[in-house]
Amino acid sequence: MRCRMNEETGVTYIGPFGIGDRIGGFGGVGVVVKSANPDFQDGDVVHAGFNWQWVENFLETPGEHFPLRKIDSSLVNGQVSLYLSILSLTSGLTSYLGVKVKGHVTPGANQTMVVSGAAGACGSLAGQIGKLEGCSRVVGICGSEEKCQFLTEELGYDSAINYKTKDVSSELQKLCPSGVDVYFDNVGGDLSNTVIKQMNTDSHVILCGQIAVYNKDVPYPPPIPEDVQRILTDKNITRDRYLVLNYPDKFESGMKQIVEWTVQGKLKVRETIEEGLQNAGKAFVSMMKGGNIGKQLVHVGDS
């Protein structure tokens with residue numbers, strides 16, 4: 001969403017916001033007020049993971065460019081917001097498939113995973129998934145003591161580092177004495193360079209996000225310092241661009257696993273909810289500054 005505020009988004013699958021255009025988000029849940037489409041009835045609860053409009057009411061024709069689908073709210077005990085967090089493309093599936101297809105986690109291999117942006121929408125899930133997939137140690141990096149406590153006491157992270165008060169390099173040396181095997185990167189910038197310098201040979205970077213550089217006029221993925229690039233090359237560390245949309249054939253099986261873990265209580269989710277459409281901008285700025293824990297959502301209203 002932040003990249004859509006630039007003239008060039010850096011990606012091929014979505015363009016920048018147009019001046020005067022209605023703002024579209026990535027996902028939303030709503031209730032059908034009136035339908036002329038036989039596939040939908042008045043009162044249906046519906047969800048779309050793409051092109052949801054930031055307005056209280058809007059008219060749409062479901063189709064290829066707006067894949068609207070009905071949801072059964074009873075499956076989530078009425079908490080339909082879960083379709084925007086743990087059961088969403090941009091959080092749940094992005095985290096799960098990132099670990100599965102780019103993390104190369106091997107049960108019993110005594111691997112250590114580090115997650116940056118660890119208390120955010122993807123990071124909070126990625127660390128839990130890493131553990132469930134077989135990592136022996138998971139360390140999160142985040143920006144407050146509250147978030148560190150959340151990671152270790154609620155989500156099962158082995159350790160957490162507050163990058164605002166601790167020296168990340170020295171903390172990683174203590175917490176990851178055998179080095180880092182998998183790095184789920186939501187941040188980029190200097191923090192990620194620090195993590196990469198402590199990664200092992202044949203390890204893997206899951207290049208999920210680079211929020212530290214979204215305000216800079218650089219290509220995506222952004223360039224990294226020569227010394228860090230040498231480390232990647234010399235140690236054969238993979239750092240391929242990751243986009244969940246490239247794996248549609250894995251969506252169904254991935255969602256099935258996420259639902260199973262959630263029902264079993266093995267995968268936990270936190271949502272930060274701002275009330276009112278008029279506060280959407282406030283919520284966005286807060287999220288960009290790290291004010292959220294878990295998925296940042298806006299509650300527009302009830303039907």
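If you check ASP240 against the conditions, is it exposed (fewer than 15 other Cβ atoms within 10 Å of the Cβ), under 17 Å from LYS102 (Cα atoms) and of a type outside the set (Val, Ile, Thr)?
On the way: exposed (fewer than 15 other Cβ atoms within 10 Å of the Cβ): yes; under 17 Å from LYS102 (Cα atoms): yes; of a type outside the set (Val, Ile, Thr): yes.
In short, yes.
Whether any residue in the stretch 22-38 is touching a Ser or Thr at 6+ places or on another chain (Cβ under 8 Å) and without any contact (Cβ under 8 Å) to a residue 12 or more places away in the chain is what I want to check.
Looking for residues that are touching a Ser or Thr at 6+ places or on another chain (Cβ under 8 Å) and without any contact (Cβ under 8 Å) to a residue 12 or more places away in the chain, one finds none in the stretch 22-38, hence no.
Which condition does LYS282 not pass, out of (1) closer than 26 Å to LYS102 by Cβ; (2) part of a helix (DSSP H, G or I), if it passes all the others?
(1)
Answer yes or no: is there a residue in the stretch 230-239 that is over 17 Å from the mean Cα position of the chain (by Cα), part of a strand (DSSP E or B) and modelled with pLDDT of 95 or more.
Checking the stretch 230-239: at least one residue is over 17 Å from the mean Cα position of the chain (by Cα), part of a strand (DSSP E or B) and modelled with pLDDT of 95 or more.
Can you tell me which residues in the stretch 176-193 are surrounded by fewer than 19 Cβ atoms within 10 Å (Cβ to Cβ) and closer than 22 Å to SER136 by Cβ?
Within the stretch 176-193, PRO177, SER178, GLY179 meet the criteria.
Counting only residues that are exposed (fewer than 13 other Cβ atoms within 10 Å of the Cβ) and of a type in the set (D, E, K, R), how many does the stretch 255-288 have?
3
Scan the strands (runs of 3 or more DSSP E) fully inside the stretch 135-217 and keep the ones with 1 or more residues being in contact with a strand residue (DSSP E or B) (Cβ under 8 Å, 6 or more places away or on another chain), assigned by TED's automatic domain parsing to the domain that holds ALA109 and of a type in the set (Phe, Trp, Tyr).
Details: elements: 137-142, 159-162, 180-185, 199-207.
In the stretch 135-217, the matching strands (runs of 3 or more DSSP E) lie at 180-185.
The values are calculated or read from the model by the stated rules, or taken from the named source; none is laboratory data. Treat the numbers as computed from the prediction; the structure is a model and nothing was measured. Every residue, glycine among them, receives a Cβ derived from its backbone with ideal geometry; neighbour counts consider all protein chains shown.
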